[in-house]
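Single-structure report; data block below.
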Amino acid sequence: MVATPHALAGAFASRFARSPRGAVAAGVISHLALDRIPHTDYRLGNRKALVADFAAATLVTAVLARRHRLAASGAFGGVLPDLAMVAELRTGLRVTLPLHHANHTSIEPPVVIGVLTQIITAAALIAGFHRR
């Protein structure tokens, strides 16, 4: 999944937490759960997609944080495993990377289906956030 659905899932999961630490943990758990859904990611070298994705994730998080005090912490937890992965790839460390890759689904759907799963996931999370 890309950053926006992960941030949304983390923000949503934070609703079940009682503290910022709990919200970050809930976000990380939501990240691991979403990575099990077959999806398509853009390449890390695609700077335009990366900037647009993180801008959308930041905007959505800012809007949700106005409605729920722990949403920003949960959203941060939701993208934290991918931030750690990028840092590890850049530095050559392999701390969380093996677990992260092992947790990803091995199913690689066609791009249209892979993007559609992310859009549906994001829409379901937004709808779920507005129901309460």
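Filtering region 1-39 down to residues that are hydroxyl-bearing (Ser, Thr, Tyr), within 13 Å of the chain's Cα centre (by Cα) and over 17 Å from ALA84 (Cβ atoms), which residue is most open to solvent (accessible area, probe 1.4 Å)?
Out of the qualifying residues, it is THR4.
Residues in region 43-70 that are over 29 Å from LEU89 (Cα atoms), in a helix (DSSP H, G or I) and of a type outside the set (Gly, Ala, Ser): how many?
Of the residues in region 43-70, 2 are over 29 Å from LEU89 (Cα atoms), in a helix (DSSP H, G or I) and of a type outside the set (Gly, Ala, Ser).
Looking for something open to solvent by 80 Å² or more (accessible area, probe 1.4 Å), in contact with a helix residue (DSSP H, G or I) (Cβ under 8 Å, 6 or more places away or on another chain), of a type outside the set (Asp, Glu) and farther than 14 Å from GLY10 by Cα - is there at least one such residue anywhere in region 46-61?
No, the conditions are met nowhere in region 46-61.
In the list MET85, MET1, which residue meets the criterion of being modelled with pLDDT under 90, assigned to a helix (DSSP H, G or I) and in contact with a helix residue (DSSP H, G or I) (Cβ under 8 Å, 6 or more places away or on another chain)?
MET85
Quick check on my filter: what residues within region 4-26 are assigned to a helix (DSSP H, G or I) and more than 10 Å from ALA71 (Cα to Cα)?
THR4, PRO5, HIS6, PHE16, ARG21, GLY22, ALA25, ALA26
Given the conditions (1) touching a Lys or Arg at 6+ places or on another chain (Cβ under 8 Å); (2) crowded, with 16+ Cβ neighbours inside 10 Å; (3) hydroxyl-bearing (Ser, Thr, Tyr), report the number of the one that THR105 does not fulfil.
So the condition that THR105 fails would be (2).
Six or more apart or on different chains, Cβ under 6 Å: which pairs go from a residue in region 92-121 that's on the phi < 0 side of the Ramachandran plot and in a helix (DSSP H, G or I) to one that's surrounded by 14 or more Cβ atoms within 10 Å (Cβ to Cβ) and among the charged types (D, E, K, R)? Could you list them?
Note: pairs meeting the criteria are LEU97/GLU88; ASN103/ASP35.
Assess whether GLY77 counts as being open to solvent by less than 30 Å² (accessible area, probe 1.4 Å) and at pLDDT 85 or above. Quick ask: steps written out before the conclusion?
On the way: open to solvent by less than 30 Å² (accessible area, probe 1.4 Å): yes; at pLDDT 85 or above: yes.
Against the criterion (open to solvent by less than 30 Å² (accessible area, probe 1.4 Å) and at pLDDT 85 or above), GLY77 qualifies.
From the residues in region 62-91 that are without any contact (Cβ under 8 Å) to a residue 40 or more places away in the chain and of a type in the set (D, E, K, R), which one is nearest to GLY10 (Cα to Cα)?
Ranking the qualifying residues of region 62-91, first place goes to ARG69.
List, please: which pairs have Cβ atoms under 8 Å, are six or more places apart or on different chains, and start with a residue in region 9-29 that is aromatic (Phe, Trp, Tyr) and end with one that is open to solvent by less than 40 Å² (accessible area, probe 1.4 Å)?
Pairs found: PHE12/SER30; PHE12/GLY74; PHE12/LEU125; PHE12/GLY128; PHE12/PHE129; PHE16/ALA26.
The values are calculated or read from the model by the stated rules, or taken from the named source; none is laboratory data. Not measured: the values here are computed from a predicted model. In this analysis, Cβ positions are derived from the backbone assuming ideal geometry, glycine residues included, and neighbour counts consider all displayed protein chains. For the accessible areas, the whole protein counts, side chains as well, though only heavy atoms, and no ligand, DNA or RNA atoms are used. Shrake-Rupley method; radii C 1.70, N 1.55, O 1.52, S 1.80 Å.
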